[in-house]
Each structure stands twice: as C-alpha cells, then as structure tokens.
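A short write-up of the structure that comes next.
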Amino acid sequence: MRHRRSIDLAAGTPVPSADIHVIGKCAELAWLTCAKLSPDYVLGGECAACGHIAWLDRWKLALRFGENVYLENLRPRLQCMSCGNRNGNGFVIGKSA
Ligand SMILES: [Zn+2]
C-alpha cells in the first residue's frame, strides 16, 4: 500500500549507487538537515527489513519538506520500494568513490 506522502526508496535512482560508499548511518544523522548536509555527500535510505539502500534526491526532499527539517522527522516517511517495508527504516550518507 502506498502512502501519498511517503518517500520512495526507489530502485532506480539518478545516482550511480555502485560508486557510492556508505559512510554514515541514521543514529548520527537524526538531527541533520538537508541544509547542513555537505554537497559532497549523498543522502540515502536503508530498509530495516531487507537491507535495500537507495540514494535519494536531497534537493527534491528539501523542496518538498523544507531544507531545515530534521531527517529524524522524515524517517517515518521512508518506504522501501523493494519489499514495501515502512517500519524502522533509516537514512544513510554516502560519498562517491
Ligand atoms: Zn525492504
């Protein structure tokens, strides 16, 4: 079931994820905002159920939810497009190789 305001962890992303290494996980990202995230980093979401990671378009998120919204507040909106899980998903940060 799809929620209208969910953030899809889409399988197809504009970012070539093979070239990106995960360097940070949700615990330390809770109080980060899109505005504070360095442009060198890529924002992604990780599914708690199947481990699927998808890279998100942070600029789109900032436009949609505001660049000063805490990631912790967006976390409940993450939905895995691989298995459909919405519970316990978290953000990750990646950096291009
Ligand atoms: Zn999943």
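The values are calculated or read from the model by the stated rules, or taken from the named source; none is laboratory data. Keep in mind it's a predicted model, so treat the numbers as computed, not measured. Here the Cβ positions follow ideal geometry from the backbone for every residue, glycine too, while neighbour counts run over all protein chains shown.
Annotations for the structure displayed:
- Here residue 38 passes the criteria (1) surrounded by 12 or more Cβ atoms within 10 Å (Cβ to Cβ); (2) at pLDDT below 90; (3) not in a helix (DSSP H, G or I) except the one numbered (1).
- Selection from segment 20-54 of residues that are charged (D, E, K, R) and either touching a Ser or Thr at 6+ places or on another chain (Cβ under 9 Å) or closer than 15 Å to residue 70 by Cβ (or both): 28, 36, 40
- Output for segment 29-60, where each listed residue is out of contact with any His (no Cβ under 8 Å at 6 or more places or on another chain) and within 16 Å of the ligand (Cβ to nearest atom): 44, 45, 47, 48, 49, 50, 51, 52, 53, 54, 55, 56
- Pairs are defined by a Cβ separation below 9 Å, a sequence spacing of at least 6 or placement on different chains, a first member in segment 52-73 that is among the acidic types (Asp, Glu), and a second member that is part of a loop (DSSP other than H, G, I, E, B) and away from the ligand (no atom under 16 Å from the Cβ); the pairs so defined are 57/14; 57/15; 67/34; 67/35; 67/36; 72/30; 72/31; 72/32.
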